[in-house]
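The values are calculated or read from the model by the stated rules, or taken from the named source; none is laboratory data. Just so we're clear, the structure is a prediction, and the values are computed from it rather than from any experiment. Reconstructed Cβ throughout: ideal geometry from the backbone, glycine too, with neighbour counts over all protein chains shown.
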Amino acid sequence: MKNLPTLFLGIFFALAFSWTGLILSSHLFLGDLKSTTATLDEQGNPVEGDPLYPLKLSGIAREGKQVYIDQGCVYCHSQQIRTKGYGADFERGWGERQTVARDYIYQERVMLGTMRTGPDLANVGTRLSSVQWHMQHLYEPQITSPGSIMPPYSYLFEVREIGSRPSPNAVSIPFDSPYAPPEGWEVVPTPRAEALVAYLLSLRVDYELPEMKFSEDD
Amino acid sequence: MQGTQPDIRMPPPPPGLSQVKREAERAKLSEIDRSMRVAGLLFVLSAVVWLMVGTVFALIASYKMHNPEYLAQFEWLTFGRVRSAHLNTMIFGWGNNAIFCVALWLMARLSRSQVRHGGFLVLAGILWNMGVTIGVTGILSGEMTSVEWLEMPMEVAPILALSYAMIGVWGIVTFSHRQTGHVYVSQWYILAAIFWFPWLYTVAQVMILFVPARGVVQPITNWWFAHNVLGLWLTPVSLASAYYLIPKVLGRPVYSYYLSVIGFWALALFYNWAGIHHLIGGPIPIWLQSAGTVASVMMTIPVIVVAINHHMTVIGSFGTVWQSPTLRFVVFGAMSYTAVSLIGSAMALREVNVVTHFTHFTVGHAHHGVYAFFTMIMFGSIYFILPRLIRRNWPSAGLISIHFWSCALGITGYVVALSIGGWIQGLEMNNAEIPFMTVVRNTVPWLTARTIFGILITVGHSAFFIHLVWMLLPERFRRVPSSYDSFGADPIA
């Protein structure tokens, strides 16, 4: 090749083309999505008085999301429900409707994920709403899910001697479980574990949007 | 691209050249090699040290996947962090350092131009490795971003960007001082890669971490970036090296100039749209997913074109390929490129993707590309380049054999195990009758097999590492063959 200007222009425009086509265009197309109500009025505006979705994260759930991020949960858990008939996301009960772009607009970091070593978590707050279940599961997944290959996050908990009386937030582990603390001891979640569970419980796709309703059957 | 004469012949002089001219050519090349010596050695050494560190992280991560209690009490080694530390040491530690050496050396050789003021390169190299060290430490200590392929804390980005700028500019400066009339296909690929990588990295850092784009624009940018690190950074440098080394060692020109032109432009045009196939079925506009699928399928064009071109160059010389340690690795890599790319195109079809997406199949596929293709070509390139840089021969043919066979068998087993295991996992996951925990349990044997093949790969890496250290020991510790051109390499190159 001797025609260098052609080479350089080609190199430049090849990437410029995909950047424009994929990123700039989706930014223009999706960048100003706003929260809205489940149905719209005749003018196509949100219905006054109805709740707006999606919601923003509460303070403690935001801290929990930081734990989710620094532990790398996204490498085994996705947060996206695919359309009915494509995969078995619905049949597995992971959500009642497909997730759409608007569901993610308030997430400062969007963690769709690309791996399902574990189940999808987009709607886990609705599916598994028990704080105790999540605490047990994070402390030692084998308690709730024997055979799981999820690592225990026991370092997010403190095993300590029971003081004058048991802590109100101690994790309840059956006495006959091999993972139960010694008698007179208790497993107490650290603030990071509390925050992480608050975040998990905040993951809910339990609202409809104008562009995506709950699926009719199943 | 213009001109009627297919000017594809490799720079070394044809056999009829007089002895005097040959000597002059050899002297000139030695000068060029000398100008890269310190920087090149620094890059290779850093690369191989990172390779070993990344291998340890890989083994820990792999073992944890079937024994979750293993090292579970150490937060800094939890699966999510250690697998990210593995990925980042391998890409930015091993991969980039190897590329810096290989790409700059190829550029200097092909441009017949010395690397000027190599001291700056050394400085930039030290800075780069400091950046990677801080970044990987950050991942392990809880500063991880959880953005795939960009896990390092964002504070590291300016350090990496600055040192990259110092290194990338050197490639362009070397090119602009070229003494040759024509520009060889390897140079196109390297120029393009040098330009593409910083653009990808900067856009992704800014749009995801510094000034996050809204909602799903983030994952779109993420997969545009991550897939293009493979497609527009690792791939072009690997192809550049294959295009140089295959004809160089065999002593014959590349089969077709026109095929290399088509291969280059088709890759430039199609590869950078393909990354969106990681989001098929996701909450992004359908037309974006379709664009990703179309581009992925179109990638068969550059892949087949390059495969034909390399195959026709090699055909009839497989004996030489086998004898040359360089070509053994490079040809293994080139063949893997064809295989992994065609599988990748198939995986972008919705009917296939619905099975492979979210499974270990994709993990196997990623290693097929980054390891069986990219890393094997880098191994081959280092076997060729390092003796020329430091004017010493590799001391042991046996260690090269161990390296090759362990890694070749290891990665083949790895990819096969995860492909089968991942495919089963995908089929079972799509069948809601099968409880999720059963799906998980059924992956465990394949994940265990992955660890075993990983150990085999580790044996190969250890042989390589020991060999490199041995080569650098003072002369009395080495058996010194008469010249550095044994083991099948072309002496003049």
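Overview of results
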quantity	calculated
Complete set of residues in region B:426-447 that are in a loop (DSSP other than H, G, I, E, B) and either of a type in the set (Asp, Glu) or over 15 Å from residue A:145 (Cβ atoms) (or both)	B:430, B:431, B:432, B:433, B:434
Verdict on residue B:409 being in contact (Cβ under 8 Å) with a residue 40 or more places away in the chain and more than 20 Å from the chain's Cα centre (by Cα)	no
Residue tally, condition touching a helix residue (DSSP H, G or I) at 6+ places or on another chain (Cβ under 7 Å) and closer than 17 Å to residue B:143 by Cβ, over region B:64-78	4
Test: residue in region B:167-182 that is buried (at least 22 other Cβ atoms within 10 Å of the Cβ), in contact (Cβ under 8 Å) with a residue 40 or more places away in the chain and either at positive phi or within 11 Å of chain A (Cβ to nearest Cβ) (or both)	no
Given (1) in contact (Cβ under 8 Å) with a residue 60 or more places away in the chain; (2) away from chain A (no Cβ under 14 Å), index of the condition residue B:448 fails	(2)
Region A:106-130 - residue that is farther than 20 Å from residue A:93 by Cβ and either away from chain B (no Cβ under 13 Å) or hydroxyl-bearing (Ser, Thr, Tyr) (or both) and, of those, surrounded by the most Cβ atoms within 10 Å (Cβ to Cβ)	A:114
Selection count where residues are among the aliphatic types (A, V, I, L, M) and either buried (at least 24 other Cβ atoms within 10 Å of the Cβ) or more than 7 Å from chain A (Cβ to nearest Cβ) (or both), scope region B:269-278	2
Extreme residue, modelled with the lowest pLDDT, among residues of region B:153-188 that are within 28 Å of residue B:381 (Cα to Cα) and outside any helix (DSSP H, G or I)	B:181
Some residue of region B:206-223 being more than 11 Å from chain A (Cβ to nearest Cβ), charged (D, E, K, R) and surrounded by fewer than 23 Cβ atoms within 10 Å (Cβ to Cβ)	no
Output for region B:292-301, where each listed residue is surrounded by 19 or more Cβ atoms within 10 Å (Cβ to Cβ) and within 12 Å of chain A (Cβ to nearest Cβ)	B:292, B:295
Subset of region B:348-369 that is crowded, with 21+ Cβ neighbours inside 10 Å and more than 10 Å from every other protein chain (Cβ to nearest Cβ) - its residue that is farthest from residue B:245 (Cα to Cα)	B:356
For residue B:232: the one exception among (1) modelled with pLDDT under 95; (2) surrounded by 17 or more Cβ atoms within 10 Å (Cβ to Cβ); (3) within 21 Å of the chain's Cα centre (by Cα)	(1)
Residues of region B:303-320 classified as free of Cβ contacts under 8 Å to residues at least 12 places away in the same chain and either buried (at least 17 other Cβ atoms within 10 Å of the Cβ) or more than 13 Å from residue B:254 (Cβ to Cβ) (or both), total	3
Subset of region B:200-219 that is assigned to a helix (DSSP H, G or I) and touching a Gly at 6+ places or on another chain (Cβ under 8 Å) - its residue that is nearest to residue B:276 (Cα to Cα)	B:219
Selection within region A:39-75 - more than 21 Å from the chain's Cα centre (by Cα), in contact (Cβ under 8 Å) with a residue 24 or more places away in the chain and in a loop (DSSP other than H, G, I, E, B)	A:39, A:51
Residues (more than 7 Å from chain A (Cβ to nearest Cβ) and part of a loop (DSSP other than H, G, I, E, B)) located in region B:70-89	B:70, B:71, B:74
Condition check for residue A:83: among the β-branched types (Val, Ile, Thr), within 15 Å of the chain's Cα centre (by Cα) and within 8 Å of chain B (Cβ to nearest Cβ)	no
Enumeration of residues in region A:19-35 that are free of Cβ contacts under 8 Å to residues at least 40 places away in the same chain, within 15 Å of residue B:207 (Cα to Cα) and part of a helix (DSSP H, G or I)	A:19, A:20, A:22, A:23, A:24, A:25, A:26, A:27, A:28
Counted residues, region A:187-218 - those being assigned to a strand (DSSP E or B) and farther than 20 Å from residue A:104 by Cα	3
Cβ pairs under 7 Å, 6+ apart, first in region B:143-156 and away from chain A (no Cβ under 11 Å), second part of a loop (DSSP other than H, G, I, E, B)	B:154/B:145
Residue under evaluation residue A:160, criteria (1) in a strand (DSSP E or B); (2) crowded, with 19+ Cβ neighbours inside 10 Å, criterion not met	(2)
